[in-house]
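See structure below.
The values are calculated or read from the model by the stated rules, or taken from the named source; none is laboratory data. Computed from a predicted model, the values in this text were never measured in an experiment. Ideal geometry is used to build each Cβ from the backbone, glycine not excepted, and the neighbour counts take in all protein chains shown.
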Amino acid sequence: MSLRGTPALSVPLPDRRTFLSRTVVSILLAIALGGLPACGRSGDGSGDGSETAAADSSSAEKTGTVSAANSGDKGNGAETSERARDRKSKSKGSEEAAEDEALPIEVTLVGRGRIESVVRSATNLEAEAQVIVIAEAARQVRQLFVEEGDVVQKGKVLLRLENDEQRSNLAKAQVSYDQAERELDRQKRLFEQNLAAERALNDAQHEYDRARITLDDARRELGYTEVRAPIGGTITQRFVKIGDQIGLGQQLFEIVDFESLVARVYVPEGQVAGIRPGQTARVSAEAAGDREFQAKVDRVAPIVDPKSGTVKVTVAVGEQPGLLPGMFVDVDIVTSVHEDVVLLPKRALVYDEDRAYAFTAAGGKATRILVAPILADRDWVEPAEGFAPGDTLVVAGQAGLKDGSKVEILAGGDSAS
């Protein structure tokens, strides 16, 4: 069958099936490889070529940009490395210049002198002979004989209480005693002449003994009405006045013997080995100004306090103008003295890992020397070796020195030999 006016196209049936199969396979391959060709485009494939060219151009531009960036990074790295070498060179040059520069110092000359080893402590002064006088009778105060600040001897009457009753009792006891004494003498004579029995003599002896005891009691009671100083010293406090009615055991006076003034200090057990009775000590008090008072070690306790690990040392101070009981003082106990030895001022020392060093200067260079101390006090140290009188010792500026450092002595310092 054919259309009108159109030639008939005759395709064999087997060839048509083959054509269709090939068409389907092509479509499937196109889908698998990236999709079908765009519809409506020119059949010559110019559109695909333009897109491919544009992609190639973009890739080229990106590649060029990356290459340029890499080239720039390489240039910057080279520049940074060169700058680092310049800085290192400059730093090395600065260090060399600093080492070549002489450091300013102040010096003094090593000398000889006297040095002491002391054990230092602080405490309050106290008097060992210090008593509170109390009343032994309940009476009214009739007379006062001393005031605060008075110096009294042992046994001096300080005050007198009302004593009329005691005096009367003493007089009665005295009469009874005298009578008993006469009767005893008479019985003894009669007994010797065999004119009295032994019993009568014994009775007389008994009456005499009782009268003597009564008299002693009356005297004692009267003595209680006169208050006397139990020790010699200074009246530091008076607690009563005339007319007071005092009771038994009431405080009347305080007496302090300033000659018994002591300083009790507690020394660590590791330092007590060098302390002995009789050693020299010095006492100073801020309240007494810059004065130093001489003292002496009186006693060293034979035991160590287990709680504090200290030993009590009693330093005898005695009565000295300016020192008073209760005053806070510093105590220096001299345990050793070295005369005419080489001395270094402590301000010249520098410390490195718990060791002390000092620098000497000679020929424009500093030498570091280990200081092994034998004795030391507040300001000076005696070295075991390494120093001689006349050595130029650095006393300022040594903190930044090293062994062999170049130094320059500032004006006013001693010249290096």
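For the list (1) at pLDDT 90 or above; (2) of a type outside the set (A, V, I, L, M); (3) out of contact with any strand residue (DSSP E or B) (no Cβ under 6 Å at 6 or more places or on another chain); (4) loosely packed, with under 14 Cβ neighbours inside 10 Å, I need the number of the one condition that residue 169 fails.
Of (1) at pLDDT 90 or above; (2) of a type outside the set (A, V, I, L, M); (3) out of contact with any strand residue (DSSP E or B) (no Cβ under 6 Å at 6 or more places or on another chain); (4) loosely packed, with under 14 Cβ neighbours inside 10 Å, only one is false for residue 169: (4).
Going residue by residue through the stretch 280-301, is there one that turns out to be farther than 30 Å from residue 330 by Cβ, touching a residue at least 40 places away in the same chain (Cβ under 8 Å) and among the basic types (Lys, Arg)? Outline the logic, then answer.
Initial filter on the stretch 280-301 (farther than 30 Å from residue 330 by Cβ): none.
Taking every residue of the stretch 280-301 in turn, none turns out to be farther than 30 Å from residue 330 by Cβ, touching a residue at least 40 places away in the same chain (Cβ under 8 Å) and among the basic types (Lys, Arg).
With respect to residue 312, determine if the residue is assigned to a strand (DSSP E or B), modelled with pLDDT of 95 or more and either within 18 Å of residue 113 (Cβ to Cβ) or under 25 Å from the mean Cα position of the chain (by Cα) (or both).
Judged against the criteria, residue 312 is a match.
To keep it simple, each residue is scored yes or no on (1) in a loop (DSSP other than H, G, I, E, B); (2) among the small types (Gly, Ala, Ser); (3) crowded, with 16+ Cβ neighbours inside 10 Å; (4) at positive phi.
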{"position": "237", "(1), (2), (3), (4)": "no, no, no, no"}
{"position": "241", "(1), (2), (3), (4)": "yes, no, no, no"}
{"position": "249", "(1), (2), (3), (4)": "yes, yes, no, yes"}
{"position": "264", "(1), (2), (3), (4)": "no, no, yes, no"}
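So which residues in the stretch 107-135 are over 30 Å from residue 294 (Cβ atoms) and buried (at least 17 other Cβ atoms within 10 Å of the Cβ), if there are any at all? Can you show your working first?
Here is the first cut: in the stretch 107-135, the ones over 30 Å from residue 294 (Cβ atoms) are 107-110, 132-135.
Once the filter is applied, which keeps residues that are over 30 Å from residue 294 (Cβ atoms) and buried (at least 17 other Cβ atoms within 10 Å of the Cβ), the stretch 107-135 yields 107, 108, 110, 133, 135.
Looking only at the stretch 206-228, decide whether some residue is of a type outside the set (D, E, K, R), in a loop (DSSP other than H, G, I, E, B), within 30 Å of residue 321 (Cβ to Cβ) and out of contact with any Cys (no Cβ under 9 Å at 6 or more places or on another chain).
no
Scan 326, 270 and give me the residue that is more than 21 Å from the chain's Cα centre (by Cα) and in a loop (DSSP other than H, G, I, E, B).
Sole residue among the options that is more than 21 Å from the chain's Cα centre (by Cα) and in a loop (DSSP other than H, G, I, E, B): 326.
Taking the conditions exactly as written (touching a residue at least 40 places away in the same chain (Cβ under 8 Å) and of a type in the set (Asp, Glu)), does residue 352 satisfy them or not?
In short, no.
Mind listing whichever residues of the stretch 156-166 are touching a strand residue (DSSP E or B) at 6+ places or on another chain (Cβ under 9 Å) and either crowded, with 17+ Cβ neighbours inside 10 Å or in a helix (DSSP H, G or I) (or both)? Before the answer, list the steps.
From the stretch 156-166, those touching a strand residue (DSSP E or B) at 6+ places or on another chain (Cβ under 9 Å) are 156-163; that's our starting set.
158, 159, 161, 163, listed by residue number.
May I ask you to verify whether residue 317 is over 21 Å from the mean Cα position of the chain (by Cα) and modelled with pLDDT of 95 or more? Working first, answer last.
Details: over 21 Å from the mean Cα position of the chain (by Cα): yes; modelled with pLDDT of 95 or more: yes.
So residue 317 fits the description; yes.
Which condition does residue 328 not pass, out of (1) exposed (fewer than 14 other Cβ atoms within 10 Å of the Cβ); (2) more than 30 Å from residue 234 (Cα to Cα), if it passes all the others?
(2)
Within the stretch 350-409, take every residue that is in a strand (DSSP E or B) and of a type in the set (Lys, Arg) and give me the one that is nearest to residue 119 (Cα to Cα).
Pass one, the stretch 350-409, residues in a strand (DSSP E or B): 350-352, 355-362, 365-371, 373-376, 380-383, 392-396, 406-409.
Now narrow it down to the ones that are of a type in the set (Lys, Arg): 355, 365, 368, 406.
Working: 355: 22, 365: 38, 368: 30, 406: 40 Å.
By that ranking, first place goes to 355.
Here are 171, 122, 137: which of them is touching a residue at least 60 places away in the same chain (Cβ under 8 Å) and not in a loop (DSSP other than H, G, I, E, B)?
Sole residue among the options that is touching a residue at least 60 places away in the same chain (Cβ under 8 Å) and not in a loop (DSSP other than H, G, I, E, B): 122.
Specify the residue that is farthest from residue 161 (Cα to Cα); the eligible residues are those in the stretch 182-204 that are assigned to a helix (DSSP H, G or I) and touching a helix residue (DSSP H, G or I) at 6+ places or on another chain (Cβ under 6 Å).
191
Filter the stretch 134-156 down to the residues that are under 18 Å from residue 234 (Cβ atoms) and among the polar types (S, T, N, Q) and list them by number.
Within the stretch 134-156, 153 is the sole residue that qualifies.
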